[in-house]
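Structure first, then comments.
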Amino acid sequence: MSWQVIQQALPLFRKAFVLTLELSAIGVVLATILGLVIALVREYKVPVFSQICATFEELLRNTPLLIQLFFLYYGFPSIGIKLSAQACAIIGISLLGAAYMSGAFRGGFSGIPTIQVESAKALGLSPLQMIRHVTLPQGLTRSVPAVAANAIFLVKETSVFTVIAVPELTNTARDLIGMYYRTDEYLLMLVVAYAIILIPLSVVLTLLERRVRRGTFGD
């Protein structure tokens, strides 16, 4: 183990670390927003769109991200659509995440007591009013644990971006190992880098989950 090797590689890993953070943040935010929209469309059974969203969700959840990235990066150019590697990475992680986030939100919506939904209908609330006053306030809080788990999952999935040459952490470590054959040092830096991202994120999401549970369920 050479600390000099680690020190020399720090600038490259720092750049890859920032890029991984950026891609992760954008992917999680877009996945959460799109997943919520899909969940609401399916929850309220919007004609045509509900079936489209259900098909989209099943397709994305049952297709490896690796295949999706290959399709975006290598398949789209054949029909005249050429995207950068980073654009493909963001689209891929966002769509995959949306499929999982939708399931998380729908699980939260299903936990809303039936009597509250029926009471809202009896009061004459429109679908939009029900979403605003019943579905979102209660469903989102119940969805926090699953959404948090999905967020961590999506950050880990950024390691797959290496297949389309996005210079994130895993790709950087692989390239350095291939050039200098210093496996121990570069793998250690890779593990530490992901730990720096994932451990604080996990702690924050766990604290958020506990706070939401106390506020929602009184424990």
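The values are calculated or read from the model by the stated rules, or taken from the named source; none is laboratory data. All of these numbers come straight from a predicted model, not from anything done at the bench. When we count neighbours, we look across all protein chains shown, and the Cβ atoms used for this are built from the backbone with ideal geometry, even at glycine. Just so you know, the surface numbers come from the protein's heavy atoms only, side chains and all, with ligands and any DNA or RNA stripped out. Shrake-Rupley method; radii C 1.70, N 1.55, O 1.52, S 1.80 Å.
Some values worked out for this structure:
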| item | result |
| --- | --- |
| In the stretch 110-139, residue farthest from the chain's Cα centre (by Cα) [restricted to those that are free of Cβ contacts under 8 Å to residues at least 60 places away in the same chain, open to solvent by 40 Å² or more (accessible area, probe 1.4 Å) and closer than 18 Å to VAL41 by Cβ] | SER126 |
| Of all residues making up the stretch 3-47, the number that are of a type in the set (Lys, Arg), at negative phi and surrounded by fewer than 15 Cβ atoms within 10 Å (Cβ to Cβ) | 2 |
| Filter pass, PRO77 being free of Cβ contacts under 8 Å to residues at least 40 places away in the same chain, open to solvent by 70 Å² or more (accessible area, probe 1.4 Å) and over 18 Å from VAL37 (Cα atoms) | no |
| All positions within the stretch 169-219 that are more than 30 Å from GLY111 (Cα to Cα), in contact with a helix residue (DSSP H, G or I) (Cβ under 8 Å, 6 or more places away or on another chain), open to solvent by 70 Å² or more (accessible area, probe 1.4 Å) and not β-branched (Val, Ile, Thr) | ARG174, TYR180, ARG182, LEU187 |
| Selection count where residues are in contact with a Phe, Trp or Tyr (Cβ under 8 Å, 6 or more places away or on another chain) and modelled with pLDDT of 90 or more, scope the stretch 160-182 | 9 |
| Test: PRO200 is under 28 Å from CYS88 (Cα atoms) and touching a Lys or Arg at 6+ places or on another chain (Cβ under 8 Å) | no |
| Flag for GLU118 being at pLDDT below 85 and among the charged types (D, E, K, R) | yes |
| Residues within the stretch 48-74 that are open to solvent by 30 Å² or more (accessible area, probe 1.4 Å) and either over 16 Å from the mean Cα position of the chain (by Cα) or not β-branched (Val, Ile, Thr) (or both), tallied | 17 |
| Entirely in the stretch 36-121, the helices (runs of 4 or more DSSP H) that have 1 or more residues that are over 30 Å from GLU168 (Cα atoms) | 49-61, 85-110 |
